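Here's the structure we're looking at; comments come further down.
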Amino acid sequence: MRQIATFEALVDLVHKMSANYNDETVPVRDMEFFDLEHLRVAGDRVEVLPSAQRLFANRLRVPHSYLARCPLDLQAENLNYWLGEEAKTRESLFCRFDGMKLRAVFTDRYTAIDHMEVLSLMLQHGFEPETEVHFTLDEAILVMKVPDFARGFDFGAGDKIIPGISVANSEVGILALSIEAYFFRIVCSNGMISKTSVASRYKHISRRVLGEFPDILHQVVSESDRNQGRFAISKETRVENPLGTIGSFNRQFQLDQKEGQAVRSAWEAEQGFTMFHVINAYTRGAQDTTLTAEESYRLERTGGLILSLVKG
């Protein structure tokens with residue numbers, strides 16, 4: 001669920017959350033699974049968090065959904081067999097820990113860009129400690145949105161939209177570092193992450209984004225101004241079957257059943273027969289409290305992608 005705080009409060013929260021984080025390059029031969037959720041690393045028993053479970057399953061070529069259904073001994077048998085195969089071609093893996101919990105596992109090509117590093121960079125480039133920030137944060141992802149109230153524009157009687165910047169980052173491989181446009185609708189507190197032609201997504205195998213950060217911010221702000229006209233057009237574009245249209249978009253953007261239900265419920269709560277109401281269903285659905293930070297981000301970004309399809 002989205003929270004609203006000052007930039008300084010978010011920095012303090014992330015700092016506390018990462019107090020026990022540490023990274024280590026671990027020889028593959030020093031790893032042995034007890035089951036999907038527990039691993040021996042250099043003699044120590046550690047808990048394998050869901051993010052690391054998925055990464056291990058992908059790396060070892062065993063479907064996570066299959067492993068989760070297996071008895072514990074079969075989980076260990078599968079994982080340890082493929083871990084042994086991995087050791088034949090790879091000496092070590094880059095592991096991210098939270099104390100005695102394994103957060104993520106990568107190859108040595110991975111270049112860590114942590115939340116604190118991104119937040120520090122934002123402070124260096126003009127984001128004040130008292131700035132209002134909208135954010136979602138969990139063990140897998142941080143999505144922070146900074147509305148620029150000075151650039152707000154009217155959107156009908158009693159309705160206003162505030163442009164801004166969205167910066168999303170994952171320390172455990174869920175998504176690449178992303179810098180995109182953000183739009184905040186005051187009347188219902190909906191947020192939308194909008195694709196622009198300069199929106200940047202950087203995989204964690206390069207630190208190039210850190211040097212380009214100020215230029216990217218400036219370009220995203222400039223480009224986001226062009227999306228204002230699309231909002232007005234979306235409000236004038238009639239949609240005869242909104243739920244059918246939503247179903248088509250859900251398939252196009254590969255949303256799962258849980259995410260799709262959140263969108264449908266959001267449309268039913270604020271019904272309308274325009275493209276704007278369809279887009280609004282995604283941004284309102286992102287506020288569903290049962291969604292993870294990653295799922296909320298995906299719905300807000302899907303709303304932005306649909307807006308980009310609106311033509312004058």
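The values are calculated or read from the model by the stated rules, or taken from the named source; none is laboratory data. Keep in mind that what you see is a predicted model, and the values were worked out from it rather than measured. Glycine gets a Cβ as well: all are built from the backbone with ideal geometry, and neighbour counts include every protein chain shown. These accessible areas exclude ligands, DNA and RNA; they are computed on the full protein's heavy atoms, side chains included. Shrake-Rupley method; radii C 1.70, N 1.55, O 1.52, S 1.80 Å.
Do any of Lys16/Lys101; Lys160/Lys311; Lys160/Lys235; Lys235/Lys258; Lys235/Lys311 go past 23 Å between their Cα atoms, and which? Please report the intermediate quantities before stating the final value.
Details: Lys16/Lys101 16 Å; Lys160/Lys311 21 Å; Lys160/Lys235 14 Å; Lys235/Lys258 27 Å; Lys235/Lys311 12 Å.
With Cα atoms farther than 23 Å apart: Lys235/Lys258.
In degrees between 0 and 90, to the nearest 10, how far off the longest principal axis of the chain does helix 257-269 point, with axes built from Cα atoms? So the inclination is approximately 20 degrees. Rolling a 1.4 angstrom probe over the protein heavy atoms with all chains in place gives the chain an accessible area of 47 Å² per residue.
Measure nothing but the geometry: give the 0 to 90° angle between the long axis through the Cα atoms of 7-17 and the longest principal axis through the Cα atoms of the chain, rounded to 10°. In the chain, helix 7-17 runs at an angle near 20 degrees to the longest axis.
Using +1 on the beta carbon of Lys and Arg, -1 on that of Asp and Glu, and nothing else charged, what's the dipole of the range 216-312 about the Cα centre, debye to 20? Show your work: numbers first, answer last.
On the way: 11 positive and 12 negative charges, 56 e Å.
It works out to roughly 260 debye.
Give me the orientation-averaged projected area of the Cα convex hull of the chain, in nm², one decimal.
16.9 nm²
Our Cα-only numbers for the range 208-283 put the radius of gyration and Dmax at 16.1, 47 Å. Computed over the range 132-173, the percent of Cα pairs more than 10 Å apart is 73.
Computed over the range 58-122, the percent of Cα pairs more than 15 Å apart is 66.
Under a Cβ-only charge scheme (Lys and Arg +1, Asp and Glu -1), can you give me the dipole magnitude of the chain about the Cα centre, in debye to the nearest 20? Mind showing how you got there, number by number?
Working: 35 positive and 43 negative charges, 211 e Å.
The dipole of the chain has a size of about 1020 debye.
With all protein chains present, how much of the accessible area of the range 1-58 (probe radius 1.4 Å) comes from carbon and sulfur, to the nearest whole percent? If you can, show how the numbers build up before the last one.
On the way: 1490 of 3250 Å².
Using a 1.4 Å probe with all protein chains present, the range 1-58 comes out at 46 percent carbon and sulfur.
Computed on the Cα trace of the range 40-168, the radius of gyration divided by the Kirkwood hydrodynamic radius gives Rg/Rh = 1.16. Helix 293-309 and the longest principal axis of the Cα set of the chain meet at an angle near 40°.
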